[in-house]
Amino acid sequence: MLVIGDEILSGRTRDANMYHLARALTDHGIPLCEARVIADDHATIVTTVKELAGRYDHLFTTGGIGPTHDDITAEAVAEAMGAPIGIRDDARAILQAHYDARGQELNEARLRMARIPDGATLIDNPISAAPGFTLGNVHVMAGVPSIFEAMLAGVLPTLTGGAPVLSQSLMVRQGEGDIAARLGKLAEDHPEVSIGSYPFIRDGVHGSNIVVRSQDGQAVDAVMQELSALFGETR
């Protein structure tokens, strides 16, 4: 995932889209391997899109496809993927119908949202009409969370996923330093699952939430039973 926007890096806006994407992809059987946040800088976007699109099966970008001067993602992605870009008739028609229905003008600023690279497939935006697009393996979507979520709902069914990743957790009332050796041995014995430890302090007591993940539900169940026996805890 590539999150684009000065407002994220400055702390003015809190990103919620990575959390939503990670959960949605996990449920679809697709692991999210990396997430980056970069500024609204054309050269940086071009370089990063080239790198990530070449490394992963899918790249999801958010932010920078609105009507203002700093919305530069579409042009940068087009350059990174070697595609010409311009106002496309199908995108213009979508925007024209949207603004006509509201008695508003499709002015020059709003028309910027019809800039689509040649060869791209439009991503439907049922909330504010302005489409995203898929170009190659890059899915370019809005940064507004409600719109991003709606766009993602349209894209996910087109992607080939695997079995969903299943998870179970166990709360252990011991600090990580006390359980690290035993937990490490358990993880070594069960490479078919992912075992994570997430510490907490509650009412002055140190503890750890141990999370077991795998696409194999029986393997998760088996490790959870061993965890319960190992640490004398119940789920």
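The values are calculated or read from the model by the stated rules, or taken from the named source; none is laboratory data. These numbers come from a predicted model, not from an experiment. Quick reminder, even Gly has a Cβ in these numbers, built from the backbone with ideal geometry, and neighbours come from all protein chains shown. Keep in mind that these areas ignore ligands, DNA and RNA; they rest on the heavy atoms of the full protein, side chains included. Shrake-Rupley method; radii C 1.70, N 1.55, O 1.52, S 1.80 Å.
Some points to look at:
- Unit charges on C-beta of K, R, D, E only; dipole of region 32-117, Debye: 140 debye
- Surface analysis of region 41-167 yields an accessible area of 47 Å² per residue, using protein heavy atoms and a 1.4 Å probe.
- Percent accessible area from carbon and sulfur atoms, the chain, protein chains only, probe 1.4 Å: 51 percent
- Computed FRET value (nearest 0.05) for CYS33 with ARG173, which takes r as the C-beta separation and R₀ as 45 Å: 0.85
- With Cα atoms, 0 to 90° folded angle of helix 17-27 axis to the chain main axis: 60 degrees
- Label positions at TYR56 and PHE200, each projected 7 Å from the Cα along the C-beta direction, are separated by 2.8 nm.
- Here the dipole of the chain is about 280 debye; that uses its Cα centre as origin and unit charges on the Cβ of Lys and Arg (positive) and Asp and Glu (negative).
- Extension reserve of the THR13-THR47 stretch, reckoned as 0.36 nm per residue once the Cα distance is removed: 9.8 nm
- Within the chain, DSSP assigns beta bridges of which about 75% are antiparallel (rounded to the nearest 5).
- Shape call, region 97-158: gyration tensor on alpha carbons, a/c limit 1.5: oblate
- Net charge dipole size for region 110-217 [Lys, Arg +1 and Asp, Glu -1 on Cβ; Debye, nearest 20]: 400 debye
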